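Read through the structure below, which is laid out as structure tokens, and then see the notes.
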Amino acid sequence: MGQQSQLHKVTKVEAQKRPGRYNIYLDDEYAFPVSEEVLIQYHLFKGKTLTNSLIQTIQAADQQSKLFAQIVDFISYQSRTTAEVRTKLQGLTEDTDQIEAILTHLEQLALINDQQYAQRYVQQVALAGKKGPTAAVRYLGQKGISENLAQSMVAQFYPDDQATANARPLAQKAFDQYARYPYNKRIEKTKLSLVRKGFTFATIDEALAELDDTVDETEQAALLEKAGQKAWHRYRGVDRFQRVQKVKQALMRQGFSFADIDQFLDNIEEQQ
């Protein structure tokens, strides 16, 4: 008789202190532990005979059962993507067959479902109104969701009109926060704020079209005067033509309009 077909008899099944775990004795000697699931699956009761080959299969099944229990615990605290679960499993075992088997089992039990994960996240982002569609796609990509699936969920659950509706109050808030800047710079910073939050340029343009961009002319004039005088003093060491050009460039970079800059320089000329 080959060694793999050698028979062993289960002579004792002993419950461990840990719930759901059992010790198996073969031929009156302790052999290996198993989970309750494996115990039932392979009918490991007193009097059962096992070959060496079957024992190896049972031990592999128990290892997979333990891994499965660890992963169920891992996903019990929050939803996980397939990629996240795969990464966790790769940290627990190098057995790729076991990893794939566990992933398949989790999918069959609907414990992991990338489409549902992506759909729920996109819906949450759209409802919260603090981030745009591209931010949702970016986050899902970091979680291992394919861009095609992420984009599909965005198209279904975060339409353009909802994105525009969410962008409007964020645009107004940003514009108001940047009141200490010249008008053009305020618009630029508002756009950048919305880009960082994940809104497309098309959506941003629509939101800005409805912006209440009324400015305090007196305040804007004071900003220009302060910035202009500072620049004029900074370039005092160059000839007059270069000085004017450098001041113009400095104020343009800060977002002041051409007309306002020219007016400021005309005033400077009159004062000289």
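The values are calculated or read from the model by the stated rules, or taken from the named source; none is laboratory data. All values derive from a computational prediction rather than experimental measurement. For neighbour counting, all protein chains shown are included, and Cβ atoms are generated from backbone atoms with ideal geometry for every residue, glycine included. Please note that ligands, DNA and RNA were not included when accessible areas were found on the heavy atoms of the full protein model with its side chains. Shrake-Rupley method; radii C 1.70, N 1.55, O 1.52, S 1.80 Å.
One table, with the values for the structure above:
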| item | result |
| --- | --- |
| Of residues in the stretch 56-108 being charged (D, E, K, R) and within 25 Å of the chain's Cα centre (by Cα), the one surrounded by the most Cβ atoms within 10 Å (Cβ to Cβ) | Arg80 |
| Candidates Lys66, Lys46 - the one that is under 17 Å from Leu106 (Cβ atoms) and in contact (Cβ under 8 Å) with a residue 12 or more places away in the chain | Lys66 |
| Matching residues, the stretch 164-220, being touching a helix residue (DSSP H, G or I) at 6+ places or on another chain (Cβ under 8 Å), touching a residue at least 12 places away in the same chain (Cβ under 8 Å) and either open to solvent by 80 Å² or more (accessible area, probe 1.4 Å) or among the charged types (D, E, K, R) (or both) | Arg168, Arg180, Arg186, Lys189, Lys191, Lys197, Glu206, Glu210, Asp212, Asp213 |
| Of all residues in the stretch 109-137 being without any contact (Cβ under 8 Å) to a residue 24 or more places away in the chain and more than 17 Å from Met153 (Cα to Cα), the one that is least open to solvent (accessible area, probe 1.4 Å) | Ala110 |
| So Tyr158, is it in contact (Cβ under 8 Å) with a residue 40 or more places away in the chain and crowded, with 18+ Cβ neighbours inside 10 Å | no |
| Subset tally (residues that are part of a strand (DSSP E or B), in contact (Cβ under 8 Å) with a residue 24 or more places away in the chain and either more than 18 Å from Leu106 (Cβ to Cβ) or of a type in the set (D, E, K, R) (or both)) for the stretch 25-43 | 5 |
| Answer residue from the stretch 84-119, given it is assigned to a helix (DSSP H, G or I) and of a type in the set (Ser, Thr, Tyr) and is nearest to Asp73 (Cα to Cα) among those | Thr87 |
| Selection from the stretch 14-44 of residues that are open to solvent by less than 50 Å² (accessible area, probe 1.4 Å), hydrophobic (A, V, I, L, M, F, W, C) and over 18 Å from Leu67 (Cβ atoms) | Ile24, Leu26, Ala31, Leu44 |
